[in-house]
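Some notes on the structure that comes next.
Laboratory data are not the source of any read-out in this text; all were calculated from the coordinates shown. Everything quoted here is computed from the prediction, not taken from an experiment. Backbone-built Cβ (ideal geometry, glycine too); neighbour counts: all protein chains shown.
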Amino acid sequence: MEKALKKYGFVFTIPTFAAFFIGFIMPFIQGLYLSFCQFTTVDNAKWNGLDNYIRVFQDESFLSAFGFTVSFAVVSVVSINMLAFGLALLLTREIKGTNFFRTVFFMPNLIGGIVLGYIWQILINCVLSLVEQPLLKLNSTAGYWGLIILMCWQQVGYMMIIYIAGLQNIPEDVLEAARVDGANSIQTLIKVKLPMVMSSITVCVFLTLTNSFKLFDQNLALTAGEPAHSTEMLALNIYQTFYARAGAQWKGLGQAKAVIFCIVVIAISMLQLNATRKKEVQS
Amino acid sequence: MKRKVLSLMLAAAMTATLFAGCGSKDAGNNGTAGTEAAGTEVAGGEEKGSVYYLNFKPEQDEAWQNLAKAYTEETGVEVTVVTAASGSYETTLMGEMGKSGAPTLFQVNGPVGLANWKDYCYDLSGSDIYSQLTSESFALKEGNTVYGIAYVIESYGLITNKTLLEKAGYSVDDIKSFADLKKVAEDITARSAELGFSAFSSAGMDSSSDWRFKTHLANLPIYFEYQADGIGTTDAIKGTYLDNYRQIWDLYINNSTCAGADLAAKTGDDSRNEFLAGKAVFFQNGSWEYGNLVGDGKFTDDDLTMIPIYVGAGDEANQGLCTGTENFWCVNKEADEADIKATLDFINWCVTSDKGTNAMANDMGFVIPFKAAVESPNLFVKVDNALTAEGKTPVSWNFPTMPSEEWKNGVGTALTAYAANPTDDNWAVVVSAFVDGWAAEAALAK
């Protein structure tokens, strides 16, 4: 039986592999190919060499979108994880109504990004109008912080659940040993709890980092890149290049941007996974 | 051994379901491939072809579906009309054109939009529909090649609530120039607390409304510059009439229902609702708004009219409404010979037959630039006809020559900033976005 499985096992992977190939690998290869072409529709492409890639680096809007994305990602990753971990600590203390609070904090995650973006746009514009500041459309600082607040509000609950699971997995005897040794609550947190939830941290940082880089819906709905592309993130910049521009020369450029974007996101998340995994410990 | 065969068969079955899944999905998406075949069968040997129209205007979807059905009943030729969701025409078109069974009939919005699709446009110069046009200026031509044919003519201007205007002590006859408009608007603003309404509905700069100013209003300085220079398009706009643009924009933002700083977030609906609620006398928009303004619980034809947008340039005594088009039909060159023929027959039928012209005028509310056109019941269209009959010159639509969407967005952002804080410095930003932005974008489009 085992022998037969070894011999014919691959047959059972065919359906999944075929789906993966058709739905992922093929489009990816085609996308890669198109990034070297000038085209309007995908089956009518003309080879264009490295032209698109050269133009990507001459495109100021792409570079500024890259800068904006990085500064957004740094702040949002730190703030989302700090807030989520703080909430998780609070909500593992067996206070009354813990389950209710967990549900409430998780809920924003169930609303779609576009809807959230428009709701927060109205909220933020009302506040800005009250304090007599320029509205979102003219205010890139408000746009930046608006995006951060929006993403924190949406993602903190989700990350909190992961941290709670991590905190609850810490064996009671380890904590008890720390207590017996005379560790105070801060020492317990830093020396015991944090190293023990490192695997949760890996997951959460990975999710928030990639989410921040790939952010699109919220960006489109909240600011749409206004004013003058200053709050435009990478994904939105690619979308705008591809669809808001008329002429075949833009499609290949958008495609080349998308390929670079993909490589950057993969590279950054790999680096991060490596870095945080090294810190993980076994109990 | 038996087991091996069984497992192999199972695996094969799984793979088969997978591919069957893909297959059926394909068939679903390419509904036209099926209808094409059906169309040919009905013809019984004779190639009839079929039509697949990717419609741009969601408001007219139902009317198009009915007209397509009527055509199929009359001729047996299958007509599929698919309407792209508002704001996603280019994306939908790009997706559909890549498939087998691509649209045979689609539309572009003028020379700039044509840049994307030129390679797919069938030359319409020898077609019947081309000969039906009332004026050659309604064709999208380059040299002798006709890439597109305008199928609807629209007008825009200042939609005016005559009842309110009378309440303020004026009539539309009092407004014959920018100076008159300014006098009336400022007088209404001065007395707005007592009157209970403002001169202009909010000039919202949300994306649902900003095209009224960054595109339609911007057409006026471009039009007067083109007229003065005797040109029809340019790579470098000079901005000769930008002071006039500023005048009219100042008038809009200073005599509005809300403060200039709030315009950044005002939507098209806000503006229309203010007008419908009788909070403003003037509302800059076009003939396509007719259905939204006139009807049960709204205005009647007697309440409204449309006046030209005066900016204090050119011959104001003879200025008409802004009349033109940005909707051009194009036929897909890549389609089958028979389908191209069927499509040409269909569009020709739409603009020549009784059924077609009636549907376009009454059901869709269109004015079509073809010889057999039926008069539309649309009030604003009638106003335009009356003004033209009086000898006024319509202002042509030059915004299809704007170099790109990006240019419009740049002007829009600058206008919004100026509305929030109308200083000379902020106007300089508008001028720069208008003039320098034009040159930069025109260079990029090359």
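Taking other residues whose beta carbon is less than 14 angstrom from the beta carbon of B:S271, and scoring Lys, Arg as +1 and Asp, Glu as -1, yields -3. Compare the Cα positions of B:A264, B:L251, B:S135 along the charge dipole of chain B (+1 at Cβ of Lys, Arg; -1 at Cβ of Asp, Glu; about the Cα centre) and return the one farthest towards the positive end. The listed residue farthest towards the positive side: B:A264. Highest mobility in the GNM of chain A, judged by mean-square fluctuation with C-alpha springs under 10 Å and restricted to A:K193, A:K46, A:K96, is found for A:K96. For chain B, taking the reciprocal of the average inverse distance between every pair of different Cα atoms yields a Kirkwood hydrodynamic radius of 24.0 Å. Highest average first, the peptides B:228-236, B:213-221, A:2-10, B:244-252 ordered by how many other beta carbon atoms sit within 10 Å of their residues are B:213-221, B:244-252, B:228-236, A:2-10. Taking the Cβ of B:K408 as the centre, find all other residues whose Cβ is under 14 Å away and add up their charges (Lys, Arg: +1; Asp, Glu: -1). For residues surrounding B:K408, the net value is -3. Projecting the Cα atoms of A:Q30, A:L236, A:G97 onto the charge dipole of chain A, computed from C-beta unit charges around the Cα centre, puts A:Q30 farthest toward the positive end. The amide H of B:V367, built 1.01 Å from its N in the peptide plane, has B:I153 as neighbours under 5 Å, considering only residues 5 or more places off or on other chains. GNM on chain A, alpha-carbon springs under 10 angstrom: the most fluctuating residue among A:M107, A:M26, A:M198 is A:M26. Remark: region B:231-350 carries a charge dipole of roughly 360 debye about the Cα centre, counting +1 on each Lys and Arg Cβ and -1 on each Asp and Glu Cβ.
Per-residue mean of foreign Cβ neighbours for B:202-214 is 1 (Cβ atoms of other chains, 10 Å radius). Of the beta bridges in the protein assembly as shown, as assigned by DSSP with both residues counted there, near 70 percent are antiparallel. If one computes the Cα centroid of region B:304-339 and of region A:1-77, what distance in Å separates the two points? Going from one Cα centre to the other spans 42 Å. Rounded to the nearest 20 debye, the dipole magnitude of the protein assembly as shown is 3800 debye, with +1 charges on Lys and Arg beta carbons, -1 on Asp and Glu beta carbons, and the Cα centre as origin. Can you tell which of B:E78, B:E96, B:E390 shows the greatest fluctuation in a Gaussian network model of chain B with Cα springs below 10 Å? Maximum fluctuation in the GNM of chain B, among the listed residues, is at B:E390. Each label point was placed 7 Å from the Cα along the Cα-to-Cβ direction; for A:F12 and B:A386 their separation is 8.1 nm. The ranking of A:R245, A:R55 from fewest to most other beta carbons within 10 Å of each one's beta carbon is A:R55, A:R245. Peptide A:245-253 shows a mean partner chain C-beta count of 6 within 10 Å per residue C-beta.
Near the amide H of B:C121, within less than 5 Å, lie the amide hydrogens of B:K333, all on another chain or at least 5 residues away, with H placed in the peptide plane. Under 5 Å from the amide H of B:N285 lie the amide H atoms of B:G157, B:I159, each residue being 5 or more positions distant or on a separate chain, with H modelled from the backbone and absent for Pro and chain starts. Phi-derived couplings, Karplus 6.51 cos²θ - 1.76 cosθ + 1.60 at θ = phi - 60°, listed residue by residue for region A:168-183: 6, 7, 5, x, 4, 5, 5, 5, 5, 4, 4, 4, 4, 6, x, 6 Hz, with x used for Gly and Pro. The mean number of Cβ atoms from other chains found within 10 Å of a Cβ in peptide B:257-267 is 3, as a whole number.
To the nearest ten degrees, helix B:405-420 and the longest principal axis of the Cα atoms of chain B are 30 degrees apart. Taking Cβ atoms as reference points and 13 Å as the exclusive limit, the residues near B:T423 contribute a net charge of -2, counting Lys and Arg as +1 and Asp and Glu as -1. Let a ≥ b ≥ c be the square roots of the eigenvalues of the Cα gyration tensor of region A:65-180; is it rounded (a/c under 1.5), or, if not, prolate (a/b larger than b/c) or oblate? Prolate is the answer for region A:65-180, as a/c is 1.5 or above and a/b outweighs b/c.
Along region B:209-223 the Karplus relation, 6.51 cos²θ - 1.76 cosθ + 1.60 evaluated at θ = phi - 60°, assigns HN-Hα couplings of 9, 5, 5, 5, 10, 6, 10, 5, 5, 5, 4, 5, x, 5, 4 Hz to successive residues, with x for each Gly and Pro. With Cα atoms as the point set, the radius of gyration and Dmax of region A:51-282 evaluate to 20.7, 72 Å.
The alpha carbon centroids of region B:165-181 and region A:211-255 are separated by 45 Å.
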